[in-house]
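The values are calculated or read from the model by the stated rules, or taken from the named source; none is laboratory data. Since the model is a prediction, treat every value here as computed from it, not as a measurement. Virtual Cβ from ideal backbone geometry, glycine too; neighbours counted across all protein chains shown. Accessible surface areas use protein heavy atoms only, side chains included; no ligands, DNA or RNA. Shrake-Rupley method; radii C 1.70, N 1.55, O 1.52, S 1.80 Å.
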Amino acid sequence: MVIVLDDDFYFINHVQFLCRGKSIPCTPYSSPQELFHAARRPEFAKAKVLIINYAMSEMNGFKIFRQIEEYCPSSLVVYVLKSSQNSTPEISEVVVSERSVKVASKNHINSLMREIELLYQNEVPKLEASKPVLPRHIGIIMDGNGRWAQQKGVERTEGHRQGLEVAKTLIQHAARKGIRYLTLYAFSTENWQRDPKEVAFLNLALKQYLLSERTTMMENNIRFYPIGRIDDFNEDVQELLRVTIEATRGNTGMTLVLAVSYGGQTEIIDAMQLIGKKIQNNQLLPEEITHQTLLDHLYFPELKECDFVIRTSGECRLSNFLTYQSAYSELYFTPILWPDFTPQHFDEALDVYRSRERRFGRETAIRFG
Ligand code: IPE
Ligand code: IPE
Ligand code: MG
């Protein structure tokens, strides 16, 4: 396994692409926290190469290297990549914490891949190399509960009840498939405008879900995190959300993100207010604001960009879902109503995702997970 630690997702995708072309299994991590969380997994011990972005490596403070000492096998070859300065030599070697570290420029990624290839020669497990690649972060707009109920001649709430069962099945299915982040759109900021009875039912369903599903989350190693204006809910729901986050914090499998009282525009506004306060307190200069700054101030920064958005019920819009994170998402719309959505439908959607070509504005297509 080659591990990549970088916050530039174009670069992560590029390395993944190169690794796959060379049949080397590749796992991207985009924050040191995520990386070291994952480091406790047994397969991590088999990793031979770690590629770290120079800025994230904090090489001067040696901070990340101390953690590498603690968690990673001593045979791990570490490459520190600097963004494309001309002065960076092709590949040079330095010693940090008694470990030999190779420093290279991102421009020389191809020479780097040749070196990595040599390390893996004759050892690449064929089966793993051909394993299909999954999107890192999938978002689902679970729509069509009302129409499903209408078609059956039952109350809208029946549609929500059935929709919840479908969500439970799908969460387990996605976790077992190895999806890293699954964001489910359960209740939007706009949904508060619905009939108070329906709103009350949905709030109750959320509460019951949190009460009944914690065991399933623990059994499936799922970590839970809500995004949205959590303060909009009654204190008992807020408390349950906090308890569920806490109980599942140490789980290392899929992260289930529940978008509740969530609106993408509101999320950006909330982030801007936090950033504005930092500027006011002289903690940040306006010209220092970057894409990363925005990401860092969203409800759940580690979530980052969404690779794949699925929407059921035939509507072809995003309805304020992951507005900032979906700038380059692949979109998939299916006419199936949410209460009829099955794991097979989900797998079909993933097949479509794999067939897509993501270019990110470049001339060459990059296929990746
Ligand atoms: C999605 O189903 C669930 C929520 C928005 C909570 P809808 O309730 O929007 O179902 P339709 O779109 O009316 O069929
Ligand atoms: C989006 O569905 C929100 C959720 C699925 C939770 P809506 O049914 O509320 O969206 P619109 O009103 O059709 O855009
Ligand atoms: Mg709807």
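Being open to solvent by less than 10 Å² (accessible area, probe 1.4 Å) and in contact with a Ser or Thr (Cβ under 8 Å, 6 or more places away or on another chain) holds for only one residue in Leu284, Leu210, and it is Leu210.
Flag not set for Tyr181, criterion: open to solvent by less than 20 Å² (accessible area, probe 1.4 Å), modelled with pLDDT of 95 or more and under 12 Å from Leu164 (Cα atoms).
Being among the hydrophobic types (A, V, I, L, M, F, W, C), in contact with a helix residue (DSSP H, G or I) (Cβ under 8 Å, 6 or more places away or on another chain) and within 12 Å of ligand 3 (Cβ to nearest atom) is the requirement here; does Phe201 meet it? No; evaluated as a whole, the condition is false for this residue. Among residues of the stretch 136-156 being basic (Lys, Arg) and part of a helix (DSSP H, G or I), the one that is nearest to Cys306 (Cα to Cα) is Arg147. In the condition set (1) in a loop (DSSP other than H, G, I, E, B); (2) of a type outside the set (Phe, Trp, Tyr); (3) loosely packed, with under 12 Cβ neighbours inside 10 Å; (4) away from ligand 1 (no atom under 16 Å from the Cβ), Pro335 is compliant with all but (4). Scanning the stretch 260-270 turns up no residue that is at positive phi and surrounded by fewer than 20 Cβ atoms within 10 Å (Cβ to Cβ).
Let's see how each residue does on (1) within 16 Å of ligand 2 (Cβ to nearest atom); (2) under 30 Å from Leu204 (Cβ atoms); (3) in a strand (DSSP E or B); (4) at pLDDT below 80:
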site: Asn86; (1), (2), (3), (4): no, no, no, yes
site: Val94; (1), (2), (3), (4): no, no, yes, yes
site: Val101; (1), (2), (3), (4): no, no, yes, yes
site: Val124; (1), (2), (3), (4): no, no, no, yes
site: Ala167; (1), (2), (3), (4): yes, yes, no, no
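If you go through the stretch 307-340 one residue at a time, how many are among the basic types (Lys, Arg) and more than 11 Å from ligand 2 (Cβ to nearest atom)? Residues meeting the conditions: 0. Answer with yes or no whether Thr216 is assigned by TED's automatic domain parsing to the domain that holds Asn145, assigned to a helix (DSSP H, G or I), within 25 Å of the chain's Cα centre (by Cα) and under 19 Å from Thr169 (Cα atoms). Yes; evaluated as a whole, the condition is true for this residue.
In the stretch 288-300, the count of residues that are over 20 Å from the mean Cα position of the chain (by Cα), open to solvent by less than 30 Å² (accessible area, probe 1.4 Å) and modelled with pLDDT of 95 or more is zero.
For Leu240, state whether it is open to solvent by less than 60 Å² (accessible area, probe 1.4 Å) and either among the β-branched types (Val, Ile, Thr) or within 19 Å of Glu158 (Cα to Cα) (or both). Answer is no for this residue. Taken as a whole, the structure places Ile269 among residues that are free of Cβ contacts under 8 Å to residues at least 12 places away in the same chain and not acidic (Asp, Glu). Contact map, the stretch 149-166: residues that are within 17 Å of Ile336 (Cβ to Cβ) paired with residues that are β-branched (Val, Ile, Thr), Cβ distance under 8 Å, separation 6+ or inter-chain. Pairs shown: Ala149/Thr157; Val166/Thr342. All of (1) within 15 Å of ligand 3 (Cβ to nearest atom); (2) at positive phi hold for Gly153 with one exception: (1).
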